[in-house]
Amino acid sequence: MIRIHPAELQRMHDELQDAIRNHAEWHRHLIRTLVCRLAPDPEDLRADAHQACGFGRWFFHQAQRDLQGRPQYLSIDAEHRALHELAAAVLREASDSDAVSRESFDRFVESSSRLRRELDSLRHDMAVALRSRDTLTGTYRRAEILPALSEARELVIRGVQTCCVAFMDLDHFKVVNDTYGHGLGDEVLARAARCVIEHLRAYDKVFRYGGDEFLLLLPGTHPEEAWHLVERIRGGLAEENLGSTPAGHPVRLTSSFGITSIEPDLTVEECIGRADKALLLAKAAGRNRVVCWDPASTTGTMIERELSEPPANRDSAVR
């Protein structure tokens, strides 16, 4: 759910909570009808009862727009339809014979339990996604980096896939904050993150490392492939209007990236360190570029020399 902004995801979560409460109330009323031998609600006997109930009105309107294509959607749809068919059957059986067979009631209860499990699974996924996301940018939080990269490293160790990580930050972002304030700065960060997300593949992840720094996880890539992917992001960001100044001028910023592959003989922290050093070299080389860590060439030496120079000898705006 990385492509859904946390504010939108929160709205979906809240609406799901309301829909679940509506469903629970419908279920309670139906059980009361059966136990107390009351006349059934005609709405429950309609062929389209699954669309007319409170849960159905949400599911076939708002949820259809929000959730269609997600794993639980089809399961919830099928189980909800089946539950209403079983509910109508037990209500008719109770009206016709003044009793409901154990088999009919058990099928109804089992269907109700399956639907509740599907709804709980969807609610859990939304809650987990909300806890793991940065509210400003919609990216994953920094706390999610080590678990995600550790999982990716395990797949690399087992030979299941290759993987790269890329460190990114916005060039001269501090100037925006210092000149126009954090309000515009926050808008720039949010729009930049959205641009990055839109350029990523569905299974890539982007994390907010801190401030204007982001970390990209790019499964199934070698450094050259990652370079082409990140270069498209860099080009897209350079053309993006990230906000407007009080005078109405567009805010456009370039970005710098450092890439490295996840290696089985390196810790996750060491891999992140290599990507960070490659980013430092990209900044020192003039910004607005993508640099891959390459220990077989002079890159490593250049980075170490850059790091070893006294701060006074380096561009103070490099980081």
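Quick notes
- For the chain, the percent of C-alpha pairs falling in each 20 Å distance bin, counted from 0 to the bin holding the largest distance, reads 27, 40, 23, 9, 1.
- Euclidean distance between Cα centres, the range 220-247 to the range 32-91, Å: 45
- The chain - percent relative contact order, Cα under 8 Å, separation 6 or more: 15
- Phi-based couplings in Hz for the range 119-127 (Karplus 6.51, -1.76, 1.60; Gly and Pro marked x): 5, 5, 5, 5, 4, 5, 4, 5, 5
- Site pair Glu239 and Ala78 shows an inter-label distance of 4.3 nm when each label is modelled 7 Å from Cα along Cα→Cβ.
- Counting 0.36 nm for each residue step from Leu146 to Glu43 and taking away their Cα separation leaves a gain of 31.9 nm.
- Full extension of the chain between Arg116 and Glu154 yields a length gain of 10.3 nm, computed as 0.36 nm times the residue separation minus the alpha carbon distance.
- Expressed as a whole percent, the accessible surface of the range 180-306 that belongs to carbon and sulfur atoms is 50, based on a 1.4 Å probe.
- FRET efficiency, Cys36 to Ala89 (Cβ-Cβ, R0 25 Å, nearest 0.05): 0.85
- Estimated from the Cβ-Cβ distance and a Förster radius of 30 angstrom, the FRET efficiency linking Val109 and Phe60 is about 0.80.
- Model label points for Asp18 and Glu231, set 7 angstrom from Cα along the Cα-to-Cβ axis, are 4.9 nm apart.
- Carbon + sulfur, % of accessible area of the range 61-168 - ligands and nucleic acids excluded, 1.4 Å: 48
- The residues packed around Leu91, meaning those with a beta-carbon under 13 Å from its beta-carbon, carry a net charge of -3 if Lys and Arg are +1 and Asp and Glu are -1.
- Spatially proximal lysines relative to Lys174 (Cα-Cα < 21 Å; intrachain offsets below 8 disregarded): Lys277, Lys283
- Per residue accessible area in Å² of the chain, where ligands, DNA and RNA are left out and the probe is 1.4 Å: 50
The values are calculated or read from the model by the stated rules, or taken from the named source; none is laboratory data. Note that the structure is a prediction, hence the values are computed from the model and not measured. Reconstructed Cβ throughout: ideal geometry from the backbone, glycine too, with neighbour counts over all protein chains shown. Just so you know, the surface numbers come from the protein's heavy atoms only, side chains and all, with ligands and any DNA or RNA stripped out. Shrake-Rupley method; radii C 1.70, N 1.55, O 1.52, S 1.80 Å.
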